[in-house]
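Asker: One structure, as structure tokens, below. Some questions next.
Values quoted throughout were computed directly from the atomic coordinates according to the rules given, and no laboratory measurement underlies them. Just so you know, these numbers come straight off a predicted model, no measurement behind them. Glycine also receives a Cβ, built like all others from the backbone with ideal geometry; neighbour counts cover every protein chain displayed.
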């Protein structure tokens, strides 16, 4: 039987979700079924949640887990009446933080939207636009503005990685596909010399590449295992010869790939 | 003076970062300067971090805050020797979780990469590809596969929202720009009738739209405040007439916009 888990928040719910996922990964003998309840910001909504949780507890004859990032004391008081195992994020952290900071928390829902936030936000949107403009080898003339230029064979994960770097960290990430022509001569494209210090290579296992390309164009020469093996062998040699830093994307999430790239290049996250 | 904050992890650091940001938003009278230290997964690296933290504590004559999601007890033991105010995420949560779940945590670094994870991962990548293929009114013939179709005037935030819905939640989000031609007749494009239940409208304040468009094309008729006011007035009327659900993007982050859309449409996150 699966154990029910609720992620509850008066805001987006992303913090409760990510924290819960991280913690529950430590219990891999147990199957969890999760539900996120965002924007629970009124008495009525909290009461409805308590009812939902209590029904769940009764039906499964076991207390569900409840990760909560509710801030307001009066709403939390209602929530604490539920039958769940309460994991109250603010309760656990706010007291030690108040002591360390010698300040009271403001108990205000949500982040303030300062002009600094707005700037950071605009920066991220600009970076997303940059990633789109420079996707897949487009707009090489804008590489001077790049924080990083991702290289890789077709379907090695360049585009999602560039978009994640932009969306999450506001980094201007261009990406450029290394084609058969480049590979046959074991040479980087001519623009690359000027931007050598910005290059970063994505590696991938040929078998995995074959699977991904097969989903896109089954039974094509492009997707064949031989072609994938050839391209991977050639590009890895090229990375080595040109001393380009690399990461293997094969069994990593976009988050891991992006944060490892930042760690390796000392870009600012 | 700014208070130093370190986010430390043996993995990406994203959980410590997001949790810390959420908690510190409760102390808006204090300025923080933050640094993320990911992939701290060996004794040597932890020792180097302890040194970094102790130097910081000495220089600033105050203990920095340290949010840690380290898992391994032997590494944590070293870390606890530092001069920081320790906010040990696993320590605070694992004990109550072990009790509630009647199970021991596995103290293993990182998430396991199960076939379920791989499926979820492939799903997200597919969704990103879908968002790109259907960006800005492209590939209307693929709307049958859409989970949602975002509408809005040019620069109202459609593309980043669609990409975030894809990247974070694996949702297939298309987006379509409502142009002057559509607006002048107060009519939806002809394809829309068939997909009425998937439509979602982005609203934006005309002044903000004017600012965003000005950055793109300063002093153009396209960016003029009059044009922005006109388009916004017309599209809002169109949303209302066609009973299309909407969200105002003006002072919201991508995360807020995306999670609010999911909450309103009852899509699965």
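Asker: When the Cα atoms of the protein assembly as shown are enclosed in a convex hull and the volume is divided per residue, what value in Å³ results?
Answerer: So the per-residue hull volume is 178 Å³.
Asker: How far, in nm to one decimal, is residue B:233 from itself in the other copies if the label point is set 7 angstrom along Cα toward Cβ? Shortest first, please.
Answerer: Nearest first, the other copies' label points are 6.8 nm away.
Asker: Okay, next question. Run the quick spin-label model on residue A:119 and residue A:248: label points 7 Å from Cα toward the beta carbon, then report their separation in nm to one decimal.
Answerer: Once both label points are built, they end up 4.2 nm from each other.
Asker: While we're here: Please determine, in degrees from 0 to 90 and to the nearest 10, the orientation of helix B:158-169 with respect to the longest principal axis defined by the Cα atoms of chain B, where the helix direction is its Cα long axis.
Answerer: Between the helix axis and the principal axis of chain B, the angle is about 40 degrees.
Asker: Using the beta-carbon distance between residue A:180 and residue A:32 and R0 = 41 Å, what value does 1/(1 + (r/R0)^6) give for FRET efficiency, to the nearest 0.05?
Answerer: Once the sixth-power term is evaluated, E becomes 0.35.
Asker: So what is the calculated 222 nm ellipticity per residue for the protein assembly as shown, using -39500 (n - 2.57) for each DSSP H run with n of 4 or more, over all residues, to the nearest 500 deg cm²/dmol?
Answerer: Computed mean residue ellipticity for the protein assembly as shown: -14500 deg cm²/dmol.
Asker: Take the alpha-carbon centre of region A:218-268, take the same for region A:61-114, and report the distance between them in whole Å.
Answerer: Taking the Cα centre of each part, region A:218-268 and region A:61-114 sit 42 Å apart.
Asker: Return P(r) of region A:3-101 (all Cα-Cα pairs; 5 Å bins starting at 0; whole %; ordered from short to long distances).
Answerer: 3, 13, 24, 24, 19, 11, 4, 1, 0
Asker: Also, quick follow-up: Build a GNM of chain B with springs between Cα atoms under 10 Å: which of B:186, B:164, B:39 gets the top mean-square fluctuation?
Answerer: B:39
Asker: Within the P(r) computed for region B:117-265, what percentage of the Cα pairs occupies the region above 28 Å?
Answerer: The share of Cα pairs beyond 28 Å in region B:117-265 comes to 17 percent.
Asker: Other chains' Cβ within 10 Å of B:23-32 residues: what's the mean?
Answerer: Mean shielding by partner chains, rounded to a whole number: 6.
Asker: State log₁₀ I(q)/I(0) for chain A at q = 0.07, 0.12, 0.15 Å⁻¹ as given by the Debye formula over alpha-carbon point scatterers of equal weight, solvent excluded.
Answerer: Here the Debye-derived log intensity ratios amount to -0.39, -0.89, -1.05.
Asker: Within 10 Å of each Cβ in B:250-261, how many Cβ atoms from other chains are there, averaged over the peptide?
Answerer: If you average over the peptide's residues, the count of other-chain Cβ atoms is 4.
Asker: Sticking with this structure for a sec: Against the longest principal axis of chain A, how steep is helix A:225-241, in degrees 0 to 90 to the nearest 10, with axes from Cα atoms?
Answerer: 80 degrees
Asker: If you don't mind, there's one more thing I want to ask. How much length, in nm to one decimal, is gained on full extension between residue B:196 and residue B:78, taken as 0.36 nm per residue of separation minus their Cα-Cα distance?
Answerer: Between residue B:196 and residue B:78, full extension yields an extra 36.6 nm.
Asker: Could you give the distance between the Cα centres of region B:1-43 and region A:38-59, to the whole Å?
Answerer: 31 Å
Asker: Relative to the longest principal axis of the C-alpha atoms of chain A, give the angle of the C-alpha long axis of helix A:206-216, reported between 0 and 90° and rounded to the nearest 10°.
Answerer: 80 degrees
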